[in-house]
Every structure is written in C-alpha cells, then in structure tokens.
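The values are calculated or read from the model by the stated rules, or taken from the named source; none is laboratory data. All values derive from a computational prediction rather than experimental measurement. Cβ sites come from the backbone with ideal geometry, for glycine too, and all protein chains shown count toward neighbours.
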Amino acid sequence: ARLAPEREEPWMQLVSAALEAEEYSLAVDAARQAVLLHPRSAVLHAYLAMALQQAGDKEQAQKALEEAVSLNERHPLVQRAAAWSCYQQGEYEEAIFWLEKLLLRFGSGEAHYWMAVCLEETGRSAEAGYHYQRAAQLGYTPAASGRS
C-alpha cells in the first residue's frame, strides 16, 4: 500500500500505529513529514506534539501543541492532545480546562474518564464520580485506557 501524501488521514493512521507500537522515533519522523506536507493542519501538529511527548522531547512537544492550538483550538483532536499533554505534565487544572471544552462538543467515554482522573487528582472526588459513571455508561473502562 502506498501512502497518499496529499491526504492527512493516512499520516494520522501511521503516527497512531507507531505510537501504539511504542515506536516513538518512527512516530516523530512520520508526524514531522506530515506537518511539512500539511503545515496548516492543526490535527497533524497535535499528532506531532503527542509523538514528541512520548519520545521525551517535552519542549518541542509544547511548541507543536501551541501551533496546533493556534491553528484550530476548537478541533476535538487538538483539545484531546492539549488535555493529554497537560495531564502528562501534572497540570491537572489545565487538563480539566481542555477536557471541559472537549466534553461540550464530543462527550466520549474516554473524555469523561480522563476528566474524572484529573478531578480526582485535584481533590474533587464528588465531581469525579459523575464522570466515572458517565464513562462507564458510554462503555469506557480503565482497562481500555491502559490505566488501572
């Protein structure tokens, strides 16, 4: 199969597959190539940020995330990447900010679950309970997230 460089989706799939396989340098390389081909794609900048974060380059990850946000902060994948990045850095209130935006537009079980985790980290257990319940109702469980 040949990668169609003019389309964003195959790049997203390639980066996702590399991240899933914990091939972080491959994910970074693919995401960088994708961003070179699609410099105005907020989503591809968000994927680059996630790949860089996983590869341990937090400074470059932050720059890629800032670019993604500046291009389209309303895109659900950009909001998810921003929330995930904040969570990874222990910035739970900032993660909550992004998760609230995401939940207004896209109330997934995953978003509810991570909102609950962040709320718990900030000592807001009662609010967290609601989001854990919503995540379960939507079929998302901690085992599905890799966190238990």
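Considering the range 88-114, the residues that are aromatic (Phe, Trp, Tyr) and surrounded by fewer than 21 Cβ atoms within 10 Å (Cβ to Cβ) include one that is farthest from residue 77 (Cα to Cα), namely 92. When you look at residue 44, is it modelled with pLDDT of 95 or more, touching a Cys at 6+ places or on another chain (Cβ under 8 Å) and under 27 Å from residue 32 (Cα atoms), yes or no? Against the criterion (modelled with pLDDT of 95 or more, touching a Cys at 6+ places or on another chain (Cβ under 8 Å) and under 27 Å from residue 32 (Cα atoms)), residue 44 does not qualify. Looking across the range 84-116 at every residue that is under 19 Å from residue 130 (Cα atoms) and of a type in the set (Gly, Ala, Ser), the one that is modelled with the lowest pLDDT is identified as 107. Of everything listed in (1) under 11 Å from the mean Cα position of the chain (by Cα); (2) of a type in the set (A, V, I, L, M); (3) over 18 Å from residue 142 (Cβ atoms), the single unmet condition for residue 99 is (3).
Checked against (1) under 17 Å from the mean Cα position of the chain (by Cα); (2) closer than 15 Å to residue 65 by Cα, residue 22 meets all criteria but (2). Return yes when residue 107 is over 20 Å from residue 58 (Cβ atoms), outside any helix (DSSP H, G or I) and under 15 Å from the mean Cα position of the chain (by Cα) and no when it is not. Spelling it out, residue 107 is indeed over 20 Å from residue 58 (Cβ atoms), outside any helix (DSSP H, G or I) and under 15 Å from the mean Cα position of the chain (by Cα).
Among the candidates 69, 117, 43, the residue that is in a helix (DSSP H, G or I), aliphatic (A, V, I, L, M), surrounded by 15 or more Cβ atoms within 10 Å (Cβ to Cβ) and in contact with a Leu (Cβ under 8 Å, 6 or more places away or on another chain) is uniquely 43. Criterion applied to 144, 136 was being farther than 16 Å from residue 87 by Cβ, modelled with pLDDT under 90, among the hydrophobic types (A, V, I, L, M, F, W, C) and surrounded by fewer than 16 Cβ atoms within 10 Å (Cβ to Cβ), and the one residue passing it is 144. The set of residues from the range 9-40 being part of a helix (DSSP H, G or I) and not aliphatic (A, V, I, L, M) comprises 9, 10, 11, 13, 16, 20, 24, 25, 29, 32, 33.
Take residue 129 and decide whether it is of a type outside the set (A, V, I, L, M, F, W, C) and not in a helix (DSSP H, G or I).
no
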